[in-house]
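One structure below.
The values are calculated or read from the model by the stated rules, or taken from the named source; none is laboratory data. Computed from a predicted structure; not experimentally measured. Reconstructed Cβ throughout: ideal geometry from the backbone, glycine too, with neighbour counts over all protein chains shown.
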Amino acid sequence: MTEVARTQGTSSEIERGVVPEVAALGNVLKELFNKLGISQNQYAHRIHVDKSVVSRFLGGRRVASEEFVERLIAEVGIHVGAPVKPAAKAAIRARRLEALSVTDPEEFRLESLRAELERSRRDTDRAHRNVEALHDLLQKREAQARAAADELDQLRLDWGAEIARLRQDLRDAEHLRVDAERRGAELRDEVLRLEEELSRRRPAATGELPLGAFKGQLAAMWEAEDFSESARELTEAAWSRPVGEAGELLRWLAAGWPQAVAEQFVADVARLRPVGELPLFAREVRGVGETLVHEAWAQGLSARMTERDAGDLYEGLRDRGGPWGAHQADHMLALAIASVRDDPARVVGLAVAALGPRPGPYPSRTARVLSRELPQAVALHVLVGLVGAGRPDLARHVAGGYCDDLPRYGHFEGSGPLHLQLQRLGEDGTGVFLDVMGGLEQETRTTRLAENLAAGGDRSLLDRFLAVLDAHGRLGGMYPSASAYLKGHIDDWRASRLQ
């Protein structure tokens, strides 16, 4: 809120009901509300808001929102069986704008601009209709003129004069349309600019208490053991307060309140604020040296992470938070991937969207989830999906962990689970899988995979893998660590290639 607004009516004065314009608005709304003949509690339940909100609006302690005023007018009209008269509605709306002009001039200007923008849009629509109507009429007259030209020269001249007038009218209408569109664009840009400015400074609420007074109010609620009301106020503050104020509030909570309160506050910030603001708030979280608060923050971020904004959120945390931000970005991404670990497509989508084209080394927690914590059947599909998404380097990372989790040779019966998993990949997917595995650098991993393939009844998969290893020049390096059975098969395969 600006200095002018604070001078004319501070938030604490509003809460005490001493700002005349806000009190006058409350009186008008309360007089209108009394026509419903119901309690404030009942009405709060009807419109799904907290009863304290209704009490503040009707008591003149908070400037009522536009939605609340319009809903109340509509409810009264339905109750009495006739709509509220236009003059009365206009008077109520004027009262609200007067109160808003005192408590929040910027918001008042924004709403005034929105109203002007709406009028401009109507003017633009009217100009469009005029242009279309004149176009239609012009085409009709021109067609009539062409049909009658051979028969009545005089009539052609008369129509020609009218056509000339219509063309002039059309030019004038087009000029009006251009002017209306230009004015509309200017107003729209101004509205967007103000909305962006207000969203950064104070994302949602109007007439809020100054932060110091708000802390005092919370402390009083806590002392009175009104925990549910204080929790609601903190949740509202998590999304409505500017980022700087929210950070100061977090530090205050962490210093003197139960730690669970600070954990819930950062979780609400991560859950409710726009994604673009979260990297900014991360710097505030970093200043609170509580591990559980950091964990609640990372959990909240991971729940917000989607493929659409994973890249912006991940990069924003890395770029703005230094080493701690990189750690938090890694933790957030690992938690998000772990939460969808049974869905290969979502695992691939989140990893590729967040990490982008960046090569290794990979963030440690994310790397562990991808390589060691995915179900084996899922890991196969993730590996193939990463190759298809242009990240074979990440696919090799997944492949290494997959091989490490395979059983060692000598413990196989029947066809083994690996063959069944590869059947679900299909022919193309199996080819991608074998090619990635053949490029692994550690011979112990390729040997373990070959032993698993050898355990199945179908040797064609093992032969395909041996061909891939041979193409990569890695078959000889694997041979010394192979079992006697596998060595015999390799010898037979080499002999068949020489025939």
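Here are some notes:
- Taking the range 296-331 as the range and being among the hydrophobic types (A, V, I, L, M, F, W, C), within 15 Å of the chain's Cα centre (by Cα) and under 23 Å from V261 (Cα atoms) as the test, the residues that pass are L301, A303.
- Complete set of residues in the range 345-398 that are touching a Gly at 6+ places or on another chain (Cβ under 9 Å) and polar (S, T, N, Q): S371
- Answer residue from the range 471-495, given it is basic (K, R) and either touching a Phe, Trp or Tyr at 6+ places or on another chain (Cβ under 9 Å) or at pLDDT below 80 (or both) and is surrounded by the most Cβ atoms within 10 Å (Cβ to Cβ) among those: R474
- Number of positions in the range 15-49 that are in contact (Cβ under 8 Å) with a residue 40 or more places away in the chain, surrounded by 14 or more Cβ atoms within 10 Å (Cβ to Cβ) and either under 27 Å from P210 (Cα atoms) or not assigned by TED's automatic domain parsing to the domain that holds A74 (or both): 9
- Apart from one condition, E21 fits all of (1) within 17 Å of L100 (Cα to Cα); (2) under 37 Å from the mean Cα position of the chain (by Cα); (3) acidic (D, E); the exception is (2).
- Extreme residue, modelled with the lowest pLDDT, among residues of the range 255-288 that are within 18 Å of R318 (Cα to Cα) and small (G, A, S): G287
- Which listed residue, of D158, D150, D123, is outside any helix (DSSP H, G or I) and modelled with pLDDT under 90: D150
- Close pairs from the range 430-450: first closer than 13 Å to L462 by Cβ, partner at pLDDT 85 or above and of a type in the set (V, I, T), Cβ under 6 Å, at least 6 apart: L434/V468; G438/V468
- Verdict on G385 being within 24 Å of S339 (Cβ to Cβ), modelled with pLDDT of 80 or more and surrounded by 14 or more Cβ atoms within 10 Å (Cβ to Cβ): yes
- A213 vs. criteria at negative phi and without any contact (Cβ under 8 Å) to a residue 60 or more places away in the chain: no
- Verdict on G289 being in contact (Cβ under 8 Å) with a residue 40 or more places away in the chain, out of contact with any strand residue (DSSP E or B) (no Cβ under 6 Å at 6 or more places or on another chain) and of a type outside the set (D, E, K, R): no
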